[in-house]
Amino acid sequence: MDGKVSQIKTTIDILRQRFGDRLSTNQTIRDRHGTDESYHAPSAPDAVVFPDTREDVQDIVKICGEHDTPIIPFGVGTSLEGHIAALQGGISIDLGKMNAVVQVNTEDLDVTVEA
């Protein structure tokens with residue numbers, strides 16, 4: 001098995017232990033996370049993780065970093081520049097469940113929200 005493929009498989013195995021069914025290797029889900037609104041050819045990640053908290057994201061980044069696995073952040077997939085294409089494989093972090101209001105600042109008329 002190629003070294004990079006082995007690293008990504010190891011990363012997926014560790015993430016699956018940590019996130020269970022919040023990690024998907026389903027081809028349809030992977031394809032959706034590798035396709036945006038641009039003219040660029042789709043390029044699916046090896047897996048998609050659905051974090052709920054900042055701590056989840058930190059764990060994903062740490063695990064991927066330890067195994068030299070690319071990370072692709074995913075909001076809603078409306079990029080027009082090919083930002084979500086997993087050209088070297090890797091793990092897509094779907095931030096869609098992170099939708100809490102963190103802080104409301106009435107004085108400045110702004111709000112801090114999660115991704």
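Just a few scattered comments:
- Residue among 38, 24, 6, 92 that alone is closer than 22 Å to residue 113 by Cβ and of a type in the set (Gly, Ala, Ser): 92
- Within the range 88-115, residues that are within 24 Å of residue 63 (Cα to Cα) and at pLDDT 90 or above reach partners that are open to solvent by 70 Å² or more (accessible area, probe 1.4 Å) and not aliphatic (A, V, I, L, M) with beta carbons closer than 9 Å, at six or more positions or on different chains, in the pairs 92/73; 93/73; 94/73; 95/73.
- Count of the range 20-29 residues which are open to solvent by 70 Å² or more (accessible area, probe 1.4 Å) and not charged (D, E, K, R): 3
- Residue selected from the range 43-92 under the condition over 8 Å from the mean Cα position of the chain (by Cα) and among the hydroxyl-bearing types (Ser, Thr, Tyr), by the criterion surrounded by the most Cβ atoms within 10 Å (Cβ to Cβ): 69
- Scope the range 1-19; condition outside any loop (DSSP other than H, G, I, E, B) and open to solvent by 30 Å² or more (accessible area, probe 1.4 Å); matching residues: 3, 4, 5, 6, 7, 9, 10, 13, 14, 16, 17, 18
- Test for residue 32: is it under 11 Å from residue 95 (Cβ atoms), open to solvent by 70 Å² or more (accessible area, probe 1.4 Å) and charged (D, E, K, R): no
- Unmet requirement for residue 39, which otherwise passes all of (1) in contact (Cβ under 8 Å) with a residue 40 or more places away in the chain; (2) assigned to a loop (DSSP other than H, G, I, E, B); (3) open to solvent by 70 Å² or more (accessible area, probe 1.4 Å): (1)
For (1) touching a residue at least 12 places away in the same chain (Cβ under 8 Å); (2) among the aliphatic types (A, V, I, L, M), each residue gets a yes or a no:
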residue	(1), (2)
14	yes, yes
33	yes, no
65	no, no
72	yes, yes
84	yes, yes
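- Residue check, residue 102 among the hydrophobic types (A, V, I, L, M, F, W, C) and closer than 26 Å to residue 2 by Cα: no
- Some residue of the range 63-73 being modelled with pLDDT under 85 and more than 13 Å from residue 11 (Cβ to Cβ): no
- Residue under evaluation residue 95, criteria (1) within 24 Å of residue 2 (Cα to Cα); (2) surrounded by 12 or more Cβ atoms within 10 Å (Cβ to Cβ), criterion not met: (1)
The values are calculated or read from the model by the stated rules, or taken from the named source; none is laboratory data. What you see is a predicted model; the values in this text were computed from it and never measured. Neighbour counts are summed over all protein chains in view; Cβ atoms, including those assigned to glycine, are modelled from backbone coordinates with ideal geometry. Just the protein is used for accessible areas: all its heavy atoms, side chains included, with ligands, DNA and RNA removed. Shrake-Rupley method; radii C 1.70, N 1.55, O 1.52, S 1.80 Å.
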